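Contents: one structure, followed by commentary.
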There are 2 protein chains.
Amino acid sequence: MELNGVADLPEIRPGDDIAALVADRAALEPGDVLTVASTIVSKAEGRTADLEDYPVSGRAREIADRLESVAGEEKDPRFAQAIIEESSELLIDCPFLLAETRFGHICPNAGIDRSNVPDHDLLLLPERPTESAERIRSGLAERGIEDVAVIVTDTCGRPFRHGQTGVAIGWAGMPASRDWRGERDRDGHELGVTVQSVVDELAAAANLVTGEGAGGTPAVVVRDWDFGTHEGSDELFRSVEDDLVRQALRTWRADG
Amino acid sequence: MELNGVADLPEIRPGDDIAALVADRAALEPGDVLTVASTIVSKAEGRTADLEDYPVSGRAREIADRLESVAGEEKDPRFAQAIIEESSELLIDCPFLLAETRFGHICPNAGIDRSNVPDHDLLLLPERPTESAERIRSGLAERGIEDVAVIVTDTCGRPFRHGQTGVAIGWAGMPASRDWRGERDRDGHELGVTVQSVVDELAAAANLVTGEGAGGTPAVVVRDWDFGTHEGSDELFRSVEDDLVRQALRTWRADG
């Protein structure tokens with residue numbers, strides 16, 4: 001398996017065609033996986049916003065006040081309002097905001113970025129990243145580049161472990177997971193591992209190549225990796241019913 | 001960045017020298033990262049056990065009974081006992097066991113594997129995986145293979161997202177994380193990403209190559225990846241004080 005950053009992508013602006021920009025700079029081949037950082041997808045889709053776009057609700061003011069009293073530094077209630085509007089649920093509202101985006105991804109601040117955006121205050125995540133991935137994949141196909149899977153990536157932290165890792169938030173041309181259930185080890189025992197989240201592993205691998213900041217390469221080509229003949233699944237984001245940690249957070253919030 | 005599985009490793013037995021077995025099969029170079037699945041590290045370290053080694057305590061019986069009444073299938077209280085003995089805390093005890101191992105890793109069943117072990121019932125995780133990684137790294141150095149970082153990996157599920165991914169449980173010759181704090185994006189803004197868990201990303205990437213079961217390659221060589229000149233940190237496992245989700249799980253367990 002080989003990973004290479006796509007060199008010399010320009011600063012992305014609203015309306016830019018990411019498929020075209022990548023196709024001009026990378027010799028993509030059938031079977032490749034192309035990962036694209038959500039930051040450039042959002043920029044191409046014009047998902048920028050300004051704090052003044054978010055008139056502050058009572059709830060946003062309450063959240064900002066509480067964050068301020070805990071953190072001891074000024075928190076902008078309009079930023080809290082933006083997070084509320086981008087979310088379907090706030091899992092944690094103090095001492096930081098952990099939100100489920102409307103498309104099901106759970107991450108701090110609903111993934112809203114306050115760096116990385118030149119002429120505005122905020123960069124929102126793509127509205128439907130799987131559709132974004134499908135559009136890029138179709139754009140490549142229109143240029144004769146067939147059979148390339150596309151993953152839109154984000155980086156975020158996680159419970160239990162320090163640090164952030166690359167994760168997938170949208171994907172096209174491949175399933176999210178590879179299902180090993182029913183397969184056997186060398187000794188004929190059923191495997192302990194059942195469902196492997198390959199889109200997240202590909203996003204994590206790509207993030208090692210992407211880097212951050214001025215020298216970053218927000219698109220990465222993965223070559224010579226094969227999904228294989230396993231069953232696949234497109235479930236990536238757990239529902240509340242299927243996630244004890246979310247249930248515990250609800251109880252804890254209700255108590256607190 | 002390039003990843004290649006180490007081909008033709010034999011079935012690993014207690015006392016086997018993993019460094020020697022890998023060195024004979026892969027032309028390692030300075031700067032490479034070698035990932036090794038915890039299963040083979042545990043086998044080499046003789047970390048197998050049998051259910052009869054675990055006389056059942058009252059707590060183990062209680063846990064097994066409760067799991068059985070929820071799952072509707074028989075649960076062996078000796079397995080619960082093994083998990084208790086390998087753990088410093090049970091974060092969830094029903095409907096499955098989520099445990100913190102004595103070295104700080106949080107995973108289902110304290111990472112005890114019931115497949116993958118030919119002549120025994122159980123395969124435990126290495127007792128101190130970072131020391132295991134250091135031993136393999138020293139073993140390579142003794143063979144004249146200098147400057148290879150070593151990561152011992154596990155696969156496990158996580159909150160919020162379906163599926164399992166490769167993660168690091170021990171590492172040597174590199175820091176666990178890369179610190180981007182204080183660095184700037186193209187426009188001079190401070191970066192949103194702060195600490196990147198590179199050992200977990202490398203473990204995830206390697207897991208794409210490793211596969212599972214009969215065709216698996218439990219050791220993978222990562223080439224042409226560079227940690228760079230960033231600050232590093234060796235913190236990987238969060239403490240309770242630093243993890244709201246763990247705090248929420250404690251409250252929830254006390255309630256339940």
| Scan of segment B:112-121 for residues that are closer than 30 Å to B:Ala254 by Cα and surrounded by 19 or more Cβ atoms within 10 Å (Cβ to Cβ), ordered by number | B:Ile112, B:Asp113
| task | Could you give me the residue pairs with C-beta distances under 6 Å whose first residue belongs to segment B:126-152 and is in contact (Cβ under 8 Å) with a residue 12 or more places away in the chain and at negative phi, whose second residue is of a type in the set (D, E, K, R) and assigned to a helix (DSSP H, G or I) wherever it lies, and which are 6+ apart or on separate chains? | result | B:Val150/B:Arg137
| field | When residues of segment A:144-165 are limited to those that are out of contact with any strand residue (DSSP E or B) (no Cβ under 6 Å at 6 or more places or on another chain) and more than 9 Å from chain B (Cβ to nearest Cβ), the one most open to solvent (accessible area, probe 1.4 Å) | value | A:Glu146
| segment B:1-29, residues that are open to solvent by less than 30 Å² (accessible area, probe 1.4 Å) and either free of Cβ contacts under 8 Å to residues at least 24 places away in the same chain or within 16 Å of B:Gly139 (Cβ to Cβ) (or both) | B:Val6, B:Leu9, B:Ile12, B:Ile18, B:Ala19, B:Ala20, B:Val22, B:Ala23, B:Ala26, B:Leu28
| Can you name the condition, by its number, that B:Leu3 falls short on among (1) under 22 Å from the mean Cα position of the chain (by Cα); (2) assigned to a loop (DSSP other than H, G, I, E, B)? | (2)
| Quick one: would you say B:Thr229 is more than 22 Å from the chain's Cα centre (by Cα) and either assigned to a strand (DSSP E or B) or loosely packed, with under 14 Cβ neighbours inside 10 Å (or both)? | yes
| request: Look at B:Arg59 and say whether it is open to solvent by 20 Å² or more (accessible area, probe 1.4 Å), basic (Lys, Arg), at pLDDT 95 or above and within 28 Å of B:Ala205 (Cα to Cα). | output: no
| field | Top-ranked residue of segment B:128-137 - restricted to ones that are open to solvent by 10 Å² or more (accessible area, probe 1.4 Å) and under 11 Å from the mean Cα position of the chain (by Cα), ranked as farthest from B:Val36 (Cα to Cα) | value | B:Arg128
| field | Pairs, first closer than 18 Å to A:His120 by Cβ in segment A:30-48, second of a type in the set (S, T, N, Q) and at pLDDT 95 or above, C-beta under 7 Å, six or more apart | value | A:Ala37/A:Thr153; A:Ser38/A:Thr153; A:Val41/A:Ser132; A:Glu45/A:Ser132
| query | With (1) open to solvent by 20 Å² or more (accessible area, probe 1.4 Å); (2) under 30 Å from A:Leu3 (Cβ atoms); (3) not assigned by the TED database to the domain that holds A:Leu140 as the list, and A:Thr39 as the residue in question, which single condition is left unmet? | reply | (3)
| message | Show me the strands (runs of 3 or more DSSP E) entirely contained within segment B:63-111 in which 2 or more residues are out of contact with any Phe, Trp or Tyr (no Cβ under 8 Å at 6 or more places or on another chain) and either in contact (Cβ under 8 Å) with a residue 60 or more places away in the chain or buried (at least 16 other Cβ atoms within 10 Å of the Cβ) (or both). | response | B:87-92, B:98-101
| request: Give me a count of the residues in segment A:9-43 that are modelled with pLDDT under 95 and closer than 15 Å to A:Glu134 by Cβ. | output: 0
| request: Find the residue count for segment B:216-256, including only residues that are among the small types (Gly, Ala, Ser), facing chain A (nearest Cβ under 9 Å) and closer than 30 Å to A:Glu183 by Cα. | output: 1
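The values are calculated or read from the model by the stated rules, or taken from the named source; none is laboratory data. Bear in mind the structure is a predicted one, so any value in this text is a computation, not a measurement. As a convention, Cβ positions derive from the backbone with ideal geometry for all residues, glycine included, and neighbour counts pool all protein chains shown. When the accessible area is computed, the model is the full protein with side chains, heavy atoms only, and any ligands, DNA or RNA have been set aside. Shrake-Rupley method; radii C 1.70, N 1.55, O 1.52, S 1.80 Å.
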